[in-house]
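J.: Take a look at the following structure, please.
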Amino acid sequence: MSEGLGQVRAEDAFDTDRVSAWLAERLPQVSGSPTVTQFSGGASNLTYLLRYPDTELILRRPPRGGRSSTAHDMAREYRVQQALRPVFGKVPNVRALCRDPEVIGDEFYVMDRVQGVVLRRNPPAGLDLGPARARALSERFVDTLIELHRVDPADTALADLGRGPGYVERQVEGWTRRYARARTWNTPSFAGVSRWLAANRPEDVAARVIHNDWRLDNLVLDPDTLEVVGVLDWELATVGDPLMELGSALAYWVQADDDRMARSTRRQPSHLPGMLTRAELVERYRRGTGLPVENWVFYEVFGMFRLAGIAQQIYHRYHHGQTRNPAFRHLWLAVNYLHHRCRSSIRSAKSGSARRS
């Protein structure tokens, strides 16, 4: 899992010796001070690799600056993985949770490193992703999601993680509020999009454990077989409607025939020859779960609106000087583009309805 590793950014540094002293009291394999590097791929919680002589650990902590009240809860993320691992073995093995902000200024937790390859914007050199292997990978992408969505919350200690029926309604209302709070002068209001979502929202189709950030760069792959050996970044996991997760996941899935703007914002190699299209992924998911996807345009628009909200929250921190990470500088352009995509999908849906009536 070395892709995206680099020197710790100055704004994200912490006292390594204090962390090591805290860990040494809890983990016998920890001794001395580790070599610390930072994963560059994440845009929310911060992730570091701690290399000790006898072990490698992953440390997760919240970002500095403005935060969502639920998206950076280290104790919750730790608990989710601890409870889910017995029934979904692709969850990393968590080791220790620190709730004392005196150690590094924030809560944090550590877990075992999952060895494998994480795909970023482009495959790493030497990894064969020809058409046949790309197709197999895209099938595993959705099949692993199906596997997760088959987990009954009652079989875990996570049945209380969600808030019961009304998940779709809460998501539409919640992302409408979050986007409005994070909006800056150079991004659209999304008022028409959020009104359309509120007026066209379906009832929940099921209540399942959902990851809520399902992307190729959150999957750890065996480099030889491309099997999924780990699923990372459980900070947003909850119990909710699985079709809402599928819509959110496919908002990131840029395919080969998308326009230039979509291809320029691509962060995973979903465009490669052989990769399933979004429509093919939806159909494979439908066959694997039996869930109804007739109202797919709603989930598609919601996924893009939610992605715009995530990007806007991150850009809000950059806009107000709470982070200087240059990767966030142009996110406002992506937000404007997603607004265009949402409106286009809504117009197509309305046009289709008019033709049928």
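The values are calculated or read from the model by the stated rules, or taken from the named source; none is laboratory data. Note that the structure is a prediction, hence the values are computed from the model and not measured. Counting neighbours? That spans all protein chains shown, and the Cβs are built from the backbone with ideal geometry, glycine included. Heads up: the accessible areas ignore ligands, DNA and RNA and are worked out on the full protein's heavy atoms, side chains in. Shrake-Rupley method; radii C 1.70, N 1.55, O 1.52, S 1.80 Å.
J.: Over the chain, with every protein chain in place, what whole percent of the accessible area is carbon and sulfur at 1.4 Å, could you tell me? Walk me through the intermediate numbers first.
T.: Values: 7620 of 15720 Å².
Ligands and nucleic acids excluded, carbon and sulfur reach 48 percent.
J.: Could you work out how far the C-alpha centroid of segment 71-149 sits from that of segment 187-215, in angstrom?
T.: Taking the Cα centre of segment 187-215 as reference, the centre of segment 71-149 is 24 Å away.
J.: Would you calculate a helix-derived [θ] at 222 nm for the chain, using -39,500 (n - 2.57) for each DSSP H run of n ≥ 4 and dividing by the full residue count, to the nearest 500? Intermediate values should be presented prior to the final figure.
T.: Working: 10 runs with 141 residues, N = 357.
Value at 222 nm, helices only, nearest 500: -13000 deg cm²/dmol.
J.: Please compute the modelled spin-label separation between residue 128 and residue 75, points set 7 Å along Cα→Cβ, answer in nm with one decimal.
T.: 5.0
J.: Then there's this: Rounded to a whole number of µm²/s, how large is the Stokes-Einstein D of the chain at 4 °C and 1.567 mPa s, given Rh as the Kirkwood radius over C-alpha pairs? Mind dumping the intermediate values first?
T.: Values: Rh = 21.3 Å.
My calculation gives 61 µm²/s for D.
J.: What does the accessible area per residue of the chain come to in Å², with a 1.4 Å probe and no ligands, DNA or RNA counted?
T.: Numbers: 15720 Å² over 357 residues.
In whole numbers, the chain has 44 Å² accessible per residue.
J.: Using the basic label-point model (7 angstrom from Cα toward the beta carbon), what is the residue 51 to residue 15 distance in nanometres?
T.: Result: 2.6 nm between the two label points.
J.: Select from 256, 24, 159 the residue whose mean-square fluctuation is largest in a Gaussian network model of the chain (Cα-Cα springs shorter than 10 Å).
T.: So, out of 256, 24, 159, the one fluctuating most is 24.
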